[in-house]
1. Under the condition of being crowded, with 22+ Cβ neighbours inside 10 Å and of a type in the set (D, E, K, R), which residue from the stretch 68-97 is nearest to residue 127 (Cα to Cα)?
2. Out of (1) free of Cβ contacts under 8 Å to residues at least 12 places away in the same chain; (2) in contact with a Pro (Cβ under 6 Å, 6 or more places away or on another chain); (3) of a type outside the set (Ser, Thr, Tyr), the odd one out for residue 189 is which?
3. Does the stretch 290-317 hold any residues that are without any contact (Cβ under 8 Å) to a residue 60 or more places away in the chain, among the hydrophobic types (A, V, I, L, M, F, W, C), surrounded by fewer than 17 Cβ atoms within 10 Å (Cβ to Cβ) and in a helix (DSSP H, G or I), and which are they?
4. Kindly list, by first and then second residue, each pair from a residue in the stretch 167-182 that is more than 15 Å from residue 205 (Cα to Cα) to a residue that is in a helix (DSSP H, G or I) and of a type in the set (A, V, I, L, M), limited to pairs with Cβ atoms under 7 Å and residues at least 6 apart or on different chains.
5. Is there a residue being under 15 Å from residue 94 (Cα atoms), assigned by TED's automatic domain parsing to the domain that holds residue 204, part of a loop (DSSP other than H, G, I, E, B) and in contact (Cβ under 8 Å) with a residue 12 or more places away in the chain anywhere in the stretch 119-138?
6. Is it the case, given these coordinates, that residue 244 is at negative phi, within 18 Å of the chain's Cα centre (by Cα) and aromatic (Phe, Trp, Tyr)?
7. Can residue 176 be described as surrounded by 18 or more Cβ atoms within 10 Å (Cβ to Cβ), assigned to a loop (DSSP other than H, G, I, E, B), in contact with a helix residue (DSSP H, G or I) (Cβ under 8 Å, 6 or more places away or on another chain) and not aromatic (Phe, Trp, Tyr)?
8. Can you tell me which residue among 287, 268, 241, 261 is assigned to a helix (DSSP H, G or I), aliphatic (A, V, I, L, M) and under 23 Å from residue 77 (Cβ atoms)?
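The values are calculated or read from the model by the stated rules, or taken from the named source; none is laboratory data. What you see is a predicted model, and the numbers here were worked out from it, not measured in a lab. Here Cβ is always computed from backbone atoms with ideal geometry, including for glycine, and neighbour counts include all displayed protein chains.
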Amino acid sequence: MSTAHPSAPALSVLLPVRDAAPWLTQALASLTRQTDHDFEVVAVDDGSRDASLEILEQAARRDPRIRVFHRPASGLPETLRFACEQARAPLLARQDADDLSHRDRLAEQRAYLHTHREVDVVSSRVRLFPSASVGAGMRRWSAWHDSLLTHEAMHAERLIDVPLLNGAAMLRRRAVESAGGWRERGGPEDMDLWLRLFAQGSRFAKLGRRLYSWRQHPGSSTRTDPRYSLERFLALKVDELDRFLLAGDRRATLIGVGESLKRWSAALGESRLRAVIEARDADAQVLKGQMAPFVLAFVALPARTRWRAAAQLADLRESVDFTFVA
């Protein structure tokens, strides 16, 4: 373990590391060159089998802000929980070991939280790289992610996909701890935490600059870890629907089209559903003729835009009378 910085910093960067040797030096360099210098890096090696730990320890000898911990492999949620326990600052930032932070990232996010006391989580738009490894699906995801800049927009789309990238986030420690922190539930730990933070009333924001670069490569955990499978995301979304929309034994009217409708009909089951309606075209009369709450299963953003307009004409309130899923 490296020598700790003599005084508590303003910010702790949580850096979980597992077999990241090909990219780790660049990731660390993107942090040590930050224009904001008042931070520590809590780097936790999660049982790496490559040279990751050696790279971390060499970096710590050069920069005392880097604190290195080594543990047997325990998975990302447990590694983040441990890193949070070691952190000494009231603000926490995330960074993945294969990604890059813009040199202004920490300064801009910390300044935003300083001037917006009501906000608990601030992120930024994201750059995907290298461009040759970015497929059409990820480009659509990136455009969707970067369009969600306000708390309201992220909350409304929270059951579509992850509305802000975990690695790009800066969070108030008290909010994270109040929500229970990162935890192992066998599914996507980032969406799990965001949903719990939303549920406790935490406010979110996203900066308009692209301050974080998400590396695309075949070994990425989002492509290889079973916790990010469609089935695990679906289970987490169903749990959230049970918590906020279907509480009190309310049954929903499911509206959608195609495979998405079939998938959600099977996931929710007869016990949660009053009716299942296939409707491609947005129509306020369809909504007026059925009983709330509504679960609207539409993958395409233009379809959700049209159905939001129809719901407004039907005097329905989003997240109260209806919600979208994908």
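1. 96
2. Evaluating residue 189 over (1) free of Cβ contacts under 8 Å to residues at least 12 places away in the same chain; (2) in contact with a Pro (Cβ under 6 Å, 6 or more places away or on another chain); (3) of a type outside the set (Ser, Thr, Tyr) leaves (1) as the failure.
3. Residues satisfying the conditions are 309, 313.
4. Cβ pairs passing all conditions: 179/193; 179/197; 182/80; 182/193.
5. Among the residues of the stretch 119-138, at least one is under 15 Å from residue 94 (Cα atoms), assigned by TED's automatic domain parsing to the domain that holds residue 204, part of a loop (DSSP other than H, G, I, E, B) and in contact (Cβ under 8 Å) with a residue 12 or more places away in the chain, which makes the answer yes.
6. Working: at negative phi: yes; within 18 Å of the chain's Cα centre (by Cα): no; aromatic (Phe, Trp, Tyr): yes.
No; evaluated as a whole, the condition is false for this residue.
7. Against the criterion (surrounded by 18 or more Cβ atoms within 10 Å (Cβ to Cβ), assigned to a loop (DSSP other than H, G, I, E, B), in contact with a helix residue (DSSP H, G or I) (Cβ under 8 Å, 6 or more places away or on another chain) and not aromatic (Phe, Trp, Tyr)), residue 176 does not qualify.
8. After applying the criteria, what remains is 241.
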